[in-house]
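Here the structure comes first, spelled out in C-alpha cells, and everything after it is commentary.
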Amino acid sequence: MIRVLIERHIAETLESAYEERARKVLQQAVSAPGFISGETLSDSHDPNHRITLANWRSEADWDRWYHSEERRNLMAELVPMMDQDEAITVLEQSAF
C-alpha cells in the first residue's frame, strides 16, 4: 500500500466552488481500481490550504488514476481555482 499526499492552495473567495468540485474528484477516485481510502484536511493556520491523504493499493494504481482522462477533466475545473500548483508526494512505509 502507498499513501499519496496532495496539497492544494485555493485562491481567495473560491473556497465553496472548490469544495464542490474537489468532492467530485474524490468521489470518482473512490471508484478507481486500487483506491483504498482517503481524507481531506484543512490547514488550521491557513484555511485555503487543503491536504488530501489517499491510500492506494500500489503506485501503479495511483499512476493509472493520476494520468487518466477522467482525472484530467476533473482537474481542469479545479486548477483555475488554485493560486499555486498542486504538490503531490507518494509515500511508502519505511522498512524500519
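The values are calculated or read from the model by the stated rules, or taken from the named source; none is laboratory data. Please read all numbers here as calculations on a predicted model, not as lab measurements. Here Cβ is always computed from backbone atoms with ideal geometry, including for glycine, and neighbour counts include all displayed protein chains.
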In region 54-89, how many residues are touching a Leu at 6+ places or on another chain (Cβ under 6 Å) and either farther than 19 Å from L14 by Cβ or polar (S, T, N, Q) (or both)? 1
Give me the strands (runs of 3 or more DSSP E) completely within the chain, filtered to those with at least 1 residues that are of a type in the set (S, T, N, Q) and surrounded by 14 or more Cβ atoms within 10 Å (Cβ to Cβ), ordered by residue number. 35-43, 46-56
Test of understanding: among E15, E39, which residue is closer than 24 Å to S94 by Cβ, touching a strand residue (DSSP E or B) at 6+ places or on another chain (Cβ under 8 Å) and modelled with pLDDT under 95? E39
